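This structure is in structure tokens; I'll ask about it shortly.
Only the coordinates and a few stated rules stand behind these numbers; no lab work does. Predicted model, so just to flag it, every value in this text is computed and none were measured. Virtual Cβ from ideal backbone geometry, glycine too; neighbours counted across all protein chains shown.
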Amino acid sequence: MDIERAGVDSTTTPSASQPDATSQGSGSKRRRKSSSSMWRELPVLIVIALALAILLKTFLVQAFFIPSGSMENTLRVYDRVLVNKVVYHLRDIKRGDIVVFNGVDSFTPEVTITPPSNPISKALSWFGGLIGFAPPSETDFIKRVIGIPGDHVVCCDAQGRITVNGVALNETSYLYPGNAPSDMRFNIVVPKDRLWVMGDHRAMSSDSRAHIGDPGGGTVPIDKVIGRAFVVIWPVGHWTWLSNPSTFDQPGLSHQAAALGTAALGSPLALGFVGAVPLVGLRRSVRRRRARRLARAPAAGG
């Protein structure tokens, strides 16, 4: 009996171990298949990621590289900022906003950037520009908005401060330490659809003041604004939100620009409201007429 059991055990042992070898083989095949599938899908994922990045850069948010010290210490050389390209379709540009704009025909380059000389360098530069790790175009500038259409901007009052519509700006929170608000005197009314912009490092910034004698009087066309810089994203130690200084919230600043009606009616959202008002009024009028007809109908029938 013991011999028979031993015989049974000896014959059943190989069959018990057989599924283990099979499962190991099938598991190895699945891993190879999964790895192969991952490598086949990787190019598709890269293409999708690049397509999404291009869409974001074109329509929503773009990263910009800071090449000069004209906005120090708010923005330092080699900082990277994110620029909101949608915000000015929803609201007007405000005093104190830090904006990126195309300076063609209004500003001259502050830095000279040598373009890449070979296809590989060009491709790397393009990709770096996509994520904000390559120098921008020489025609792209970043400055702070000091005056909007209709503003009377003057340097300076008896205390050496810049005034906007007669209201003195307290700029100590963002000016580069030791800089005066301006070493150059000026007195300008900002034309319609244009902006007066200045760098925070006034002693190093070639801004609206440096172009007073050029066409446009140193101002920048609103339609050349790319968007509003709202956050520093790199390096990590410089990370910060770019909010507007409180000096631009003074109520006396707004009266003159409001009288001119800056660009509010030009924004798509405002135009949508303007178009919606008469439609709502027409709808109410039709409803009232229908209600009057229904109210008279029973009396006529009786």
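Express the C-alpha Rg of the stretch 191-260 as a ratio against the empirical globular expectation 2.2 N^0.38 Å, rounded to two decimals. Before the final figure, lay out the partial values.
Working: Rg = 15.0 Å, N = 70, 2.2 N^0.38 = 11.1 Å.
Here the answer is 1.36, to two decimals.
Would you pull out the residues with amide H under 5 Å of Trp234's amide H, same chain only if 5 or more places away, H placed 1.01 Å from N?
Excluding prolines and chain starts, which carry no amide H, the hits are Arg80.
While we're looking at this one, here's another question. Using the Karplus curve 6.51 cos²θ - 1.76 cosθ + 1.60 with θ = phi - 60°, what ³J(HN,Hα) values do you get for each residue of the stretch 62-67, in whole Hz, with x for Gly and Pro?
9, 8, 10, 9, 8, x
For a Förster distance of 25 Å, can you work out the FRET efficiency between the beta-carbons of Asp105 and Val77, rounded to the nearest 0.05?
Values: r = 26 Å, r/R0 = 1.05.
Efficiency for this residue pair is about 0.45.
Let me see the P(r) profile for the stretch 183-227: every Cα-Cα distance counted, bins of 10 Å, each bin given as a percent of all pairs.
The calculated distribution, bin by bin, is 26, 57, 17.
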